[in-house]
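Engineer: Provided herewith is a single structure, encoded as structure tokens, for subsequent inquiry.
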Amino acid sequence: MRYLALVTCLLVLTGCASSSSHSDQTERLQCRLNPSSCMYEGSYESGEEQYAEQRAKELNQESLRKLKRQRSWW
């Protein structure tokens, strides 16, 4: 239960800190709750797959840094 409360709090804080539109925030939340719903199943253009993988790594690293900062705050 404590973990769920922490995750919910983190999602709210992340959503509040974002400057993107409401629909973008809703889509991000949906992807976090059900990642398979956001998986791309089509074919990639030349170089697009490598870009997507690199961008995913960058976003994962950014999320990890944010989580570490928030954990040190607690």
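The values are calculated or read from the model by the stated rules, or taken from the named source; none is laboratory data. This one's a predicted model, so the numbers in the text were calculated from it and none came from an experiment. Cβ: placed from backbone, ideal geometry, glycine included. Neighbour counts: every protein chain shown. Areas reflect the complete protein model, heavy atoms only, side chains present, ligands, DNA and RNA absent. Shrake-Rupley method; radii C 1.70, N 1.55, O 1.52, S 1.80 Å.
Engineer: Given the structure, is Tyr51 open to solvent by 70 Å² or more (accessible area, probe 1.4 Å), touching a residue at least 12 places away in the same chain (Cβ under 8 Å) and farther than 21 Å from Thr8 by Cβ?
Structural biologist: So Tyr51 fails the test.
Yes/no per residue for (1) modelled with pLDDT of 90 or more; (2) exposed (fewer than 10 other Cβ atoms within 10 Å of the Cβ):
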residue	(1), (2)
Ala5	no, yes
Leu10	no, no
Gln25	no, no
Ser37	no, yes
Lys68	yes, no
